[in-house]
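Heads up, the thing below is written out as structure tokens.
The values are calculated or read from the model by the stated rules, or taken from the named source; none is laboratory data. Remember, it's a predicted structure, so these values are computed and weren't measured experimentally. Virtual Cβ from ideal backbone geometry, glycine too; neighbours counted across all protein chains shown.
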Amino acid sequence: MIGFGFWIDAHGHLADPRWDGQQDALIEEARGRGLHFFMQGGVGPEDWARQQELKKRHPAHIGLCFGLHPYWVAAHDDEECEEALNLLASALPQALAIGEMGLDFRPHIMKDSRERQLDVFAEQIELAHFSQKPMVLHLVQAHEESLKILDLYGVPKQKGMVHSFNGSGAKAQDFLNRGLYLSIGGPVCRPDNKKLHQAVKEMPLEYLLIESDSPDQPPPAYKDGLNPPESIWEVARTIGELKSLDPLEILDITTGNFHRLIGK
């Protein structure tokens, strides 16, 4: 047991412009509740620069993560994506992980980007191998396609995490079979999310992470505004109920798991 209140938000976006002018206060408020490290999720080159500025102000509390998010890929053409991949390769030594990377095949996101998303995902897996960085995966409505590409290119030795997992126990097992961690966020707090509740009950504790995905995906208690990092307390409470464990123990276990995946 860690038990000293030095817990971790495994995934969020404190560099998101929606938080501009509020980040310092947010971090201090979260630290007052025992959260001391905030792993970021990369979106695109503009976001990586904002992460770096935030880390300058909070060097001990921000974990850099650079990648090309499927949203970003869907909004840019092939040439722009290739240029960004070259930038990513040079920037990765500064980061703890590569991501968000993956696939999002919801029609309003995908539009005409299906093949481009597949190609950029594959190239980022290869970068993960080369850089020896763990992956942070964003996979939505593309389960079978994601498994095929992960198996084709191979899960890197450093493994990775499926951010904001919100699927069934069977889908969770597909990722666990490949050595990937599962990060759970605000959606687990919805009383009607029975599929995810059952999946969490079945997940091995040693592959579990918790996240806020701040400022998005708030638990019901935070639905009226942007989602702050401290909302992972609600996530820990819900998972604790599902696992018959104290929320503090969930925070301890997931912090230990994060250290094992990402490092201390």
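List of remarks:
- Set Glu53, Glu79: member being among the acidic types (Asp, Glu), surrounded by fewer than 16 Cβ atoms within 10 Å (Cβ to Cβ), under 26 Å from Gly263 (Cβ atoms) and out of contact with any Phe, Trp or Tyr (no Cβ under 6 Å at 6 or more places or on another chain): Glu53
- Criterion violated by Ala89 - all others in (1) in a loop (DSSP other than H, G, I, E, B); (2) under 15 Å from Leu127 (Cβ atoms); (3) out of contact with any Cys (no Cβ under 9 Å at 6 or more places or on another chain); (4) among the small types (Gly, Ala, Ser) satisfied: (1)
- The residues on offer are Leu92, Leu68, Leu85, and the sole one that is surrounded by fewer than 20 Cβ atoms within 10 Å (Cβ to Cβ), among the hydrophobic types (A, V, I, L, M, F, W, C), touching a residue at least 12 places away in the same chain (Cβ under 8 Å) and within 30 Å of Glu145 (Cβ to Cβ) is Leu85.
- Condition check for Pro70: modelled with pLDDT of 95 or more and more than 16 Å from His138 (Cα to Cα): no
- Looking across the stretch 6-28, just one residue is under 17 Å from His259 (Cβ atoms) and in a loop (DSSP other than H, G, I, E, B), and that is Phe6.
Rundown of residues vs (1) surrounded by 15 or more Cβ atoms within 10 Å (Cβ to Cβ); (2) closer than 19 Å to Lys148 by Cα; (3) charged (D, E, K, R); (4) touching a residue at least 24 places away in the same chain (Cβ under 8 Å), yes/no style:
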{"residue": "Gln40", "(1), (2), (3), (4)": "yes, no, no, yes"}
{"residue": "Val43", "(1), (2), (3), (4)": "yes, no, no, yes"}
{"residue": "Glu46", "(1), (2), (3), (4)": "no, no, yes, no"}
{"residue": "Leu64", "(1), (2), (3), (4)": "yes, no, no, yes"}
{"residue": "Val73", "(1), (2), (3), (4)": "yes, no, no, yes"}
{"residue": "Leu103", "(1), (2), (3), (4)": "yes, yes, no, yes"}
{"residue": "Met110", "(1), (2), (3), (4)": "yes, yes, no, yes"}
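- Residues being in contact with an Asp or Glu (Cβ under 7 Å, 6 or more places away or on another chain) and either of a type in the set (Ser, Thr, Tyr) or buried (at least 18 other Cβ atoms within 10 Å of the Cβ) (or both) - total across the stretch 156-171: 2
- Checklist (1) touching a residue at least 60 places away in the same chain (Cβ under 8 Å); (2) more than 23 Å from Gly12 (Cβ to Cβ) applied to Leu248, failing item: (2)
- In the stretch 5-22, the residues that are within 21 Å of Ser164 (Cβ to Cβ), out of contact with any His (no Cβ under 6 Å at 6 or more places or on another chain) and of a type outside the set (D, E, K, R): Trp7, Ile8, Ala10, Gly12, His13, Leu14, Ala15, Pro17, Trp19
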